[in-house]
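Trainee: One structure follows; several queries about it will come next.
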Amino acid sequence: MNALDLDTVLLSQDRDCLEILDQTLLPGTVRVLHLSKLEDIWEAIRTLRVRGAPAIGVCAAYALALEASRSRAEDAECFLRDLRTAKDYLATSRPTAVNLFWALERMERTARENARLPIPELKERLFAEAHRIREEDVQISRNIGRIGLGLLHHGDGILTHCNAGTLATAKYGTATAPIYLALEQGWQDLRVYCDETRPLLQGARLTAFEMQAAGVDTILLCDNMASLLMKRGKVNIIFVGCDRVARNGDAANKIGTSGVAILARHYGIPFYVCAPSSTIDMSIADGDGIPIEERAAEEVTEMWYKERMAPEGVKVFNPAFDVTDHSLITGIITEKGLCRAPYEDAFRSLGIE
Ligand code: MRU
């Protein structure tokens with residue numbers, strides 16, 4: 001099975017629920033959840049059944065459209081008030097990926113701009129906007145892939161961290177998009193190294209699954225093995241995703257990413273962040289302003305298969321993301337173009353405001 005055939009999140013055909021691929025069961029089980037209640041969709045985002053910044057944004061947009069479609073409000077004011085309540089609730093599901101807030105804002109703006117329409121028409125506009133966000137995401141990934149492919153050479157070893165793959169987006173992923181596009185063009189000689197990505201193993205469970213299923217030469221490693229791999233000259237380039245980029249180019253991504261960047265600098269390996277422009281948050285000056293999610297201690301004290309492997313009661317440090325300093329980033333690949341430092345100028349020159 002090719003992971004490109006799996007949809008992370010869809011609206012059901014009769015538009016009464018979201019169909020969410022439960023990523024917590026991968027790679028062993030492919031199960032699609034049919035979720036209609038807003039609370040259940042919130043839980044699916046919170047527990048990483050659907051995860052990855054762009055996919056979270058798409059999911060939230062559909063969730064809001066679905067909830068709005070059930071509104072009994074008879075005038076626009078009440079409709080917008082109900083919509084805002086649902087929006088504020090969804091916004092509490094996860095704090096770091098800015099695509100969540102970006103998608104929710106975009107949906108609310110659509111409702112406001114069309115508030116003069118009859119309510120049934122307004123509901124249709126929201127479904128249409130959610131579809132648009134999803135379709136645009138596919139194109140964004142392909143554009144990132146095209147630019148990333150231009151940085152690759154035959155025979156390259158590519159290291160990636162976490163999962164910024166097709167499972168984290170509507171299709172193709174961001175960090176994996178250059179690899180999928182290389183495959184489309186018949187390249188057979190790339191190697192992909194997947195950091196397993198403790199504590200929740202997105203690299204092992206998701207990226208290794210995706211890349212192997214796509215037919216790429218895939219090598220899985222524990223996070224603490226990356227230095228030796230780089231020292232041996234196996235890694236030519238690094239592509240990672242991101243959850244939020246500040247305007248100076250500091251980039252938050254899955255915990256462990258900044259360590260990979262520091263190693264890459266030491267060994268002289270180019271380190272690229274793949275970022276849809278919706279992930280760039282120009283309202284935040286630098287990485288210190290990016291909220292870092294802290295998650296339950298059990299994610300560290302129990303392995304993925306829920307077997308205790310740390311003493312009861314031990315204190316745990318479990319941030320889900322870290323921030324890579326802009327000075328360690330070789331370039332930020334957006335769908336609009338490749339940005340190099342100084343990043344604020346580069347973003348603005350591409351119309352990212
Ligand atoms: O906690 P997760 O699994 O949602 O973290 C995902 C990542 O860190 C991804 O690299 C990021 O969201 C970019 S996905 C294209």
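Trainee: Set the Förster radius R0 to 41 Å, insert the Cβ-Cβ distance between Arg116 and Ser12 as r into 1/(1 + (r/R0)^6), and round the FRET efficiency to 0.05.
Mentor: Efficiency for this residue pair is about 0.90.
Trainee: Let me ask something else about it. Which loop-located trypsin sites (Lys or Arg not before Pro) does the range 21-57 contain, where loop means any DSSP state but H, G, I, E or B and the Cβ has at most 15 other Cβ atoms within 10 Å?
Mentor: Listed in order of number, the matching sites are Arg31, Lys37.
Trainee: While we're on this one: Could you tell me which of the pairs Lys171/Lys254; Lys123/Lys254; Lys231/Lys254 are separated by over 29 angstrom between their Cα atoms in the structure shown?
Mentor: Table pairs above 29 Å Cα-Cα are Lys123/Lys254.
Trainee: Sticking with this structure for a sec: About the Cα centre of the chain, how large is the charge dipole given +1 on each Lys and Arg Cβ and -1 on each Asp and Glu Cβ? Please answer in debye to the nearest 20.
Mentor: 460
Trainee: Also, I was wondering about something else. Give me Lys231, Lys171 ranked fewest to most by other Cβ atoms within 10 Å of their Cβ, as a rough exposure proxy.
Mentor: Lys231, Lys171
Trainee: Taking H placed 1.01 Å from N in the peptide plane, check which residues at least 5 places from Ile280 or on another chain put their amide H under 5 Å from its amide H.
Mentor: Val245
Trainee: So for Asp5, Asp325, Asp281, fewest C-beta neighbours within 10 Å to most, what's the order?
Mentor: Asp5, Asp325, Asp281
Trainee: Positive end of the charge dipole of the chain (Lys, Arg +1 and Asp, Glu -1 on Cβ, about the Cα centre): tell me which of Met107, Leu228, Thr8 has its Cα farthest that way.
Mentor: Among Met107, Leu228, Thr8, the one farthest towards the positive end of the dipole of the chain is Leu228.
Trainee: Here's a follow-up. Tabulate in residue order the Karplus-calculated ³J(HN,Hα) for the range 234-247, using 6.51 cos²θ - 1.76 cosθ + 1.60 with θ = phi - 60°, rounded to whole Hz; enter x for Gly and Pro.
Mentor: Using θ = phi - 60°, the values come out as 7, 9, 9, 7, 10, 10, 10, x, 7, 9, 6, 10, 7, 5 Hz.
Trainee: Here is a follow-up. Please name which of Asn143, Ala44, Leu117 has its Cα lying farthest along the dipole of the range 2-160 towards the positive end, using unit charges on Cβ (Lys, Arg +1; Asp, Glu -1) and the Cα centre as origin.
Mentor: Asn143
Trainee: In addition: Run lengths n ≥ 4 of DSSP H only: what is the helix-derived mean residue ellipticity at 222 nm for the chain, with -39500 (n - 2.57) per run over all residues, to the nearest 500?
Mentor: -11500 deg cm²/dmol
Trainee: Let me ask something else about it. Apply 1/(1 + (r/R0)^6) to the Cβ-Cβ distance of Glu74 and Glu19, taking R0 = 25 Å, and write down the FRET efficiency to the nearest 0.05.
Mentor: The pair Glu74/Glu19 has a calculated efficiency of 0.25.
Trainee: Within 10 Å, count the other beta carbons around each residue, average over each peptide in 128-135, 244-251, 268-275, and list them highest first.
Mentor: Taking the mean over residues of other Cβ atoms within 10 Å, the ranking is 244-251, 268-275, 128-135.
Trainee: If R₀ is 41 angstrom, what is the calculated FRET efficiency for the pair Tyr305 and Tyr267, using the beta carbon separation as r and rounding to 0.05?
Mentor: With R0 = 41 Å, the Cβ-Cβ based efficiency is 0.75.
Trainee: Continuing with this model, one more query. May I ask you to list the aspartates and glutamates whose Cα is less than 12 Å away from that of Lys234, ignoring any residue fewer than eight positions away on the same chain?
Mentor: Asp156
Trainee: Which far-off residues, 5 or more places away or on another chain, put their amide H under 5 Å from the one on Tyr193, with H placed in the peptide plane?
Mentor: Under 5 Å from the amide H of Tyr193 lie the amide H atoms of Ile158, Leu159, Thr160, Ile219, each far enough along the sequence or on another chain.
Trainee: Order of Met230, Met211, Met309 from fewest to most other C-beta atoms within 10 Å?
Mentor: Ranking Met230, Met211, Met309 by Cβ neighbours within 10 Å, fewest first, gives Met309, Met230, Met211.
Trainee: Moving on. Mark the label point 7 Å from the Cα of Asp82 along Cα→Cβ and return the residues of the range 31-73 whose backbone N is within less than 14 Å of it.
Mentor: Those under the cut-off are 38, 64-73.
Trainee: Taking the Cα centre of the range 128-244 as the origin, how large is its charge dipole in debye, to the nearest 20, when only Lys and Arg (+1) and Asp and Glu (-1) carry charge on their Cβ atoms?
Mentor: Dipole magnitude for the range 128-244 comes out near 200 debye.
Trainee: Also: To the nearest Å, what is the center-to-center distance of the range 324-353 and the range 258-276, using C-alpha atoms only?
Mentor: Value for the Cα centre distance between the two parts: 14 Å.
Trainee: Suppose we keep just the alpha-carbon trace of the chain; what are its Rg and Dmax in angstrom?
Mentor: Rg then Dmax for the chain, in Å: 20.0, 66.
Trainee: Amide H of Ile255: which non-local residues (sequence gap of 5 or more, or other chain) have their own amide H closer than 5 Å, using H built in the peptide plane?
Mentor: Here Phe321, Asp322 satisfy the definition.
Trainee: Separate question: Distance between Cα centroids, the range 88-121 to the range 174-189: provide it in whole Å.
Mentor: Between the Cα centres of the range 88-121 and the range 174-189 lies a distance of 34 Å.
Trainee: Out of Ala76, Ala252, Ala111, any idea which swings most in a Gaussian network model of the chain, alpha carbons joined below 10 Å?
Mentor: Answer for the Gaussian network model of the chain: Ala76.
Trainee: Grab the Cα-Cα distance for Ala91 and Ser283, subtract it from 0.36 nm times how many residues apart they are, and report the gain in nm with one decimal.
Mentor: That works out to 67.4 nm of additional length.
Trainee: Let me ask something else about it. Counting alpha carbon pairs within less than 8 Å and at least 6 residues apart, what relative contact order, in whole percent, applies to the chain?
Mentor: 16
Values in this text are rule-based calculations from the coordinates and carry no lab data. This one's a predicted model, so the numbers in the text were calculated from it and none came from an experiment. We place every Cβ from the backbone using ideal geometry, glycine too, and count neighbours over all the protein chains shown.
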